[in-house]
1. Restricting to Cα pairs below 8 Å that are 6+ residues apart, what does the relative contact order work out to for chain A? Please round to a whole percent.
2. Under 18 Å Cα to Cα from B:Lys72, which aspartates and glutamates show up? Leave out anything in the same chain fewer than 8 places away.
3. Given springs between every Cα pair under 10 Å in a Gaussian network model of chain A, which of A:Pro41, A:Pro119, A:Pro179 has the largest fluctuation?
4. Stick to Cα atoms and the Kirkwood definition of Rh, then tell me Rg/Rh for chain B.
5. Round to the nearest 0.05 the FRET efficiency obtained for B:Thr28 and A:Asp137 when R0 = 22 Å and r is the Cβ-Cβ distance.
6. Just need the relative contact order of region B:1-85 here, percent rounded to a whole number, with Cα pairs under 8 Å and 6+ apart.
7. Compute the Rg/Rh shape ratio of region B:25-113: radius of gyration over Kirkwood radius, all on alpha-carbon atoms.
8. Mind checking the angle between helix B:118-128 and chain B's longest principal axis? C-alpha axes, 0 to 90 degrees, to the nearest 10.
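Any read-out appearing in this document is the output of simple, stated calculations on the displayed coordinates, not a laboratory observation. Predicted, not measured: the structure shown is a model, and the values here were computed from it. All Cβ positions, even for glycine, are placed from backbone atoms using ideal geometry, and neighbour counts span all protein chains on display.
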Amino acid sequence: MLPYLRLGPFLLQTSGLALLLGVWLGSWLAEKEAPRVEIMPERVYNLVFFGLIGGLVGARLAYAARFLSAYLENPLSLFALNPNTLAPYPGLLIGLLVAFVYGQRKGLRLRPALDALAPGLAVFMVFLGLAHLLSGDAFGAPSSTLPWRIYLWSEYRHPSQVYEILLALGVLLVFIKRPFGEPGRGLNFLWVVALSAGARVFLEAYRGDSLIWAGGFRAAQVIGLLAMFAALWWMRLWSVRFFPAEREPGMQVEG
Amino acid sequence: MNSWLNDERRWLALTFAALALGVIWTFTSRAPAAATSGGAPPPSPREGFSAPDFTLELLGGGQASLSGLRGKVVLVNFWATWCPPCRAEMPAIEKIYQSFKPLGLEVLAVNLTDQDSEAAVAAFVQELDLTFPIPLDRDGSVSARYLLRGLPSTFFVDRQGVIRSVVVGGPMSEALIQSKVEELLQESE
């Protein structure tokens, strides 16, 4: 665990750096994938970029809306570089909405666009695990007997962040083999979602910070199960209703 | 895998097998009742854990202990006079303290006295006319217990003594402090 790195007068949040690296590498891979699904790389880059900016702005505005009086008194605080004043879930929703609107305006077809994003998503999940390892978030359940237990937050625990990284690497390895052939049908994206959701269902059992629902059920497992089932079901639907992607005007495809 | 996907029965079998395994795993890995009905979380300096307790002498005399403030929302701020962002955020903390003290807010601005001088602390407090208690961490034991990685570091502690938010670095904006404090004050005891 190395949550902060001091560089002179600056205190850098290492988990934030890992996430930025994951986004950068993920975007780069998505741009590389774009020509294979006959989408111009800059459009995929813009899709990610606008989604991220929209998500960040939306997360800050949603947080400010919740504490309106505080921000009305100090409106400049809206521009503070502090991740503590972001509302993550509304931000995610707004980011997805902005990316969707951008895609619609540019005429991007949904399934090829999703497939272009698939390798980036798979790589980003590895860096998400790395960010958790650096910050000590998403920590494991207590364990006093496990030979590879780690001491974290006052107790010996499962190294759940290491499990998370290994599982994400496993998903990436399975994905890289492209078991469903060439991208463009949306299957690669759904496959990454299904595998990642399945991994989360497995991993959550070893987490020490689960949100617990009635009956002792872990919320992330229930949501992960639904996501995995939906992704696998959709894969079948999209595999039988495939229409070749239209080539964008002016798009040059190698080979 | 393509052949599996093209065969509807095979793919459905795979889908439902994965779902069944997942349901069994989810059911068997349910959290034990103790996880939801147990007492306070163990002390550790992070969100969701009990704030490590401490008792320190105050600038100007007297003592303050964190556990003695149970039932109040407590802002625990670690600072030093040589740290510019620490100095910069003090007026905002004072303003919020004045506004929300009647509603149940307490501030403990723990000075890292092992890296500071009491004379400088007293001069600074007088200069800014700070009214909240300034505990003096003369041997650095409290900052060590809170695993400080940088200054300033601020822990927002709820009425049950659980850390609900941690802000490392600064200066914190007034809106940030107010939003965190308001959220905790609105929760019933």
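1. 22
2. B:Glu47, B:Asp53, B:Glu94, B:Glu106, B:Asp158, B:Glu182, B:Glu183, B:Glu187, B:Glu189
3. Among A:Pro41, A:Pro119, A:Pro179, the largest GNM mean-square fluctuation belongs to A:Pro179.
4. Using Cα coordinates only, the ratio equals 1.24.
5. The pair B:Thr28/A:Asp137 has a calculated efficiency of 0.30.
6. Here the relative contact order equals 10 percent.
7. Dividing the radius of gyration by the Kirkwood radius yields 1.12.
8. Tilt of helix B:118-128: around 90 degrees.
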